[in-house]
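Asks: Starting off with a structure, shown below.
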Amino acid sequence: MDQHIAESIGRPDLVRLDDGLVCLRFETMKVVSALAAVRHLLDTGAVRRGDTLLDSSSGIYAYALALACHRHGMRCHIVGSTTVDRTLRTQLAVLGATLERMEPCSDLKLDQKRRVERIHEILAEHPEYHWMRQYHDDIHYLGYRAVADRIREATGATGLTLVGGVGSGASTGALARYLREGSEGPDDVELVGVQPYGSVTFGSEHVADPEIIIAGIGSSIPFGNVAHELYDTLHWISFDAALAGSVDLLRRHAVFAGLSTGAGYLAARHEHGRDPGRTVLFIAADTGHRYADSVYARHREAARLADLAPREVTDRSELDLPWSRMRWNRAPAPFRAAGSGR
């Protein structure tokens with residue numbers, strides 16, 4: 001029996017959608033990393049019960065950290081993006097978390113920069129606070145070992161392709177690392193990362209998406225815990241293509257998930273079509289509720305997946321909307337993405 005709701009929320013479902021196509025569905029994925037990170041900090045004496053944990057978030061991590069703090073008797077302070085919606089703001093308030101919501105900003109890079117600057121101001125005022133550094137600290141990898149063990153038990157670690165949004169690097173990077181520990185050869189577990197256009201992480205900052213940068217899978221500033229050398233293939237997917245993926249996933253398989261999941265599903269279907277002999281597993285990081293208006297209400301606009309295919313490129317200068325694919329071959333980080341260090 002679970003001792004706290006966070007433990008239940010963090011446990012994913014494995015759903016076979018088709019022969020060789022599996023969905024790893026979370027209610028809120030980052031609860032996995034936040035719970036394990038806070039437990040590790042307590043066990044090592046880095047923090048004590050009652051201390052304040054601080055971080056920046058565009059939404060999902062704020063909820064995850066608030067739950068982890070509630071579970072372990074900690075205080076939680078979040079510097080939030082404008083994307084933190086009313087429902088989440090209410091949940092955070094009732095959970096006892098402090099949320100500082102930044103002023104509206106149409107420039108994601110400026111929004112992220114301002115949030116980091118505010119973190120430093122708070123630390124100067126309260127040096128006793130502990131900054132969780134979800135984008136830079138490898139402790140956020142720890143919680144995914146149990147998830148990797150479950151994937152291995154259910155699917156095996158041979159002939160497995162893992163697909164997911166890169167984001168901070170913790171989920172896809174950690175799962176690939178742990179799954180490869182139990183594999184027999186270097187190609188047993190392939191890692192396919194999904195990125196939005198405009199993200200610096202894998203060098204697409206020169207291509208703008210006229211809609212938005214999909215929250216949670218890319219960044220306009222360097223992230224220190226993305227292990228670029230773990231990734232075999234990259235897909236860059238626009239908002240419109242991800243919308244089509246999200247709508248098709250709900251219509252075809254009744255899975256109601258976020259926009260990043262729609263992008264991952266699109267990439268996973270393509271990878272499965274290229275090599276039907278492999279098992280392709282894609283990550284659904286959250287539910288679709290916060291995308292009800294911005295994505296699902298526009299379901300009649302969604303393109304048919306049969307009309308979508310990636311542009312195959314060999315160099316990032318060739319990237320183009322709405323969807324591009326490139327073999328990364330476990331190469332190191334692009335120069336502009338290597339600024340933070342793991």
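What follows draws every value from the coordinates through simple rules; no lab data is involved. Note that the coordinates shown come from a computational prediction; the quantities given were computed from them, not determined experimentally. Positions of Cβ are generated from backbone atoms using ideal geometry, with glycine treated the same way; all protein chains shown enter the neighbour counts.
Asks: Scanning the stretch 17-27 for residues that are part of a strand (DSSP E or B) and touching a Ser or Thr at 6+ places or on another chain (Cβ under 9 Å), which turns out surrounded by the most Cβ atoms within 10 Å (Cβ to Cβ)?
Replies: Step one: list which residues in the stretch 17-27 are part of a strand (DSSP E or B), which gives 17-18, 21-25.
Those left that are additionally touching a Ser or Thr at 6+ places or on another chain (Cβ under 9 Å): 21-23, 25.
On the way: 21: 21, 22: 21, 23: 23, 25: 20.
Among those that are part of a strand (DSSP E or B) and touching a Ser or Thr at 6+ places or on another chain (Cβ under 9 Å), it is 23.
Asks: Mind listing whichever residues of the stretch 299-332 are over 23 Å from the mean Cα position of the chain (by Cα) and of a type in the set (Lys, Arg)?
Replies: 300, 304, 311
Asks: Just to be sure before I move on: is residue 275 acidic (Asp, Glu) and in contact with a Leu (Cβ under 8 Å, 6 or more places away or on another chain) in the structure I sent?
Replies: On the way: acidic (Asp, Glu): yes; in contact with a Leu (Cβ under 8 Å, 6 or more places away or on another chain): no.
In short, no.
Asks: Against the conditions (1) touching a helix residue (DSSP H, G or I) at 6+ places or on another chain (Cβ under 6 Å); (2) hydrophobic (A, V, I, L, M, F, W, C); (3) outside any helix (DSSP H, G or I), where does residue 247 fall short? Just the number, please.
Replies: Among (1) touching a helix residue (DSSP H, G or I) at 6+ places or on another chain (Cβ under 6 Å); (2) hydrophobic (A, V, I, L, M, F, W, C); (3) outside any helix (DSSP H, G or I), residue 247 violates only (3).
Asks: Within the set of pairs 6 or more residues apart or between chains, which connect a residue that is within 30 Å of residue 272 (Cβ to Cβ) inside the stretch 1-17 to a residue that is of a type in the set (Phe, Trp, Tyr) and surrounded by 12 or more Cβ atoms within 10 Å (Cβ to Cβ) with Cβ atoms less than 7 Å apart?
Replies: Taking only residues 6 or more apart or on different chains, the pairs are 12/26.
Asks: Right, something else. Spot the failing condition for residue 81; the list is (1) within 23 Å of residue 40 (Cα to Cα); (2) crowded, with 17+ Cβ neighbours inside 10 Å; (3) among the polar types (S, T, N, Q), and only one is missed.
Replies: (1)
Asks: Answer yes or no as to whether residue 204 is surrounded by fewer than 21 Cβ atoms within 10 Å (Cβ to Cβ) and more than 24 Å from residue 287 (Cα to Cα).
Replies: Working: surrounded by fewer than 21 Cβ atoms within 10 Å (Cβ to Cβ): no; more than 24 Å from residue 287 (Cα to Cα): yes.
No.
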